[in-house]
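Each remark here refers to the structure printed beneath this line.
Values in this text are rule-based calculations from the coordinates and carry no lab data. This one's a predicted model, so the numbers in the text were calculated from it and none came from an experiment. FYI the Cβ positions are ideal-geometry reconstructions off the backbone, even for glycines, and counts take in every protein chain you see.
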Amino acid sequence: MTMDTLAFMTKLENRFGFTPEDKFILKSNADWGLEIASEMADYFYGYLGRDAEMNAILNQSEGRIHRLRETFILWFHEMFTGIDDWGAGYSQRRWQIGVVHVKVGIGPQHIVPAMATVVHEVGKKLKIEGKSEELQEALGRICMIDLAFIEQSYVEVSTSAILKETGWSAALFKRLITTGAASM
């Protein structure tokens with residue numbers, strides 16, 4: 001299974017109502033985004049570090065948490081810059097971030113509340129610094145788009161692995177999933 005990341009990005013932009021105005025607002029505040037990125041990384045990894053399972057993953061090797069923080073800061077700032085106006089490069093990067101989460105075993109049950117923590121803390125920071133409600137809304141939409149990429153990566157990677165391992169068709173797998181869900 002090959003993910004068309006740009007098509008997925010376009011679909012998410014439409015679903016979330018992520019507009020050209022949102023992009024303009026985010027780009028206009030890119031310096032501020034970079035300025036607060038390290039603080040948001042503190043909240044993100046502080047939250048995750050309180051969970052024993054996540055703490056073990058985060059500190060699995062020497063320097064890993066430092067590298068993760070640097071990646072977070074880059075990721076956070078990219079939400080404001082859009083890399084390439086939230087196009088192919090942005091969507092591919094978001095897809096790769098999701099795949100890495102799958103590879104290292106960071107599940108949705110960890111990422112969703114950690115992202116919620118960041119959204120909450122950014123909201124407080126926006127209010128304290130007198131930033132606009134439009135910025136908060138634009139940032140909320142792009143955060144949810146990024147989260148959707150991470151979530152979709154679990155589905156796509158799992159499905160692809162099962163189809164490869166079993167030789168099943170995608171239609172058969174989807175039917176099995178639907179049937180299984182109906183029996184729960």
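For the stretch 25-122, run through the GluC sites (Glu not before Pro) and keep only the ones in DSSP coil with at most 15 other Cβ atoms within 10 Å of their Cβ.
Values: sites: Glu35, Glu39, Glu53, Glu62, Glu70, Glu78, Glu121; in loops: Glu62.
Here the GluC sites (Glu not before Pro) that fit, given the DSSP loop and packing criteria, are Glu62.
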Checklist entry - Counting only the backbone N, which residues of the stretch 104-122 are under 20 Å from the spot 7 Å out from the Cα of Glu39 toward its beta-carbon? => result 114-122
Checklist entry - Using Cα atoms only, what is the angle between the long axis of helix 64-85 and the major principal axis of the chain, expressed in degrees (0 to 90) to the nearest 10? => result 80
Checklist entry - To the nearest 20 debye, what is the magnitude of the charge dipole of the stretch 44-154 about its Cα centre, counting +1 on the Cβ of each Lys and Arg and -1 on the Cβ of each Asp and Glu? => result 240
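Of the chymotrypsin sites (Phe, Trp or Tyr not before Pro) in the stretch 37-89, which ones lie in a loop per DSSP and count no more than 12 other C-beta atoms within 10 Å?
Numbers: sites: Tyr43, Phe44, Tyr45, Tyr47, Phe72, Trp75, Phe76, Phe80, Trp86; in loops: Trp86.
In loop regions of the stretch 37-89 (DSSP not H, G, I, E or B), there are no sparsely surrounded chymotrypsin sites (Phe, Trp or Tyr not before Pro).
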Checklist entry - Spin-label point model (7 Å from Cα, Cβ direction): what's the Glu151 to Ser132 distance in nm? => result 2.8
Checklist outcome for this item: Sorted largest first, the Cα spans of the chain on the principal axes come out in Å as 54, 40, 31
Checklist outcome for this item: Length gained, Leu163-Gln109, 0.36 nm per residue minus C-alpha separation, equals 17.0 nm
Next on the checklist: Can you compute 3J(HN,Hα) from phi for each residue in the stretch 149-166, using the Karplus curve 6.51 cos²θ - 1.76 cosθ + 1.60 with θ = phi - 60°, rounded to whole Hz and x for Gly and Pro?
Outcome noted: 4, 5, 4, 5, 4, 4, 5, 5, 5, 5, 4, 4, 5, 5, 4, 5, 5, 9
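Which length gain, in nm to one decimal place, applies between Ala30 and Lys174 when the Cα-Cα distance is subtracted from 0.36 nm times their residue separation? Let's see the in-between values first.
On the way: separation 144, 0.36 × 144 = 51.84 nm, distance 4.12 nm.
That works out to 47.7 nm of additional length.
Given Lys11/Lys131; Lys23/Lys164; Lys103/Lys174; Lys11/Lys174, which pairs have Cα atoms separated by over 31 Å?
Working: Lys11/Lys131 28 Å; Lys23/Lys164 38 Å; Lys103/Lys174 23 Å; Lys11/Lys174 21 Å.
Where the Cα-Cα span goes over 31 Å, the pairs concerned are Lys23/Lys164.
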Checklist outcome for this item: Packing-ranked peptide list from 105-117, 171-183, 136-148, highest mean Cβ count within 10 angstrom first, is 136-148, 105-117, 171-183
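List the relative contact order of the chain as a percent without decimals, with contacts defined as Cα pairs under 8 Å and 6+ residues apart. Walk me through the intermediate numbers first.
Values: 136 pairs, mean separation 59.7, N = 184.
Relative contact order here is 32 percent.
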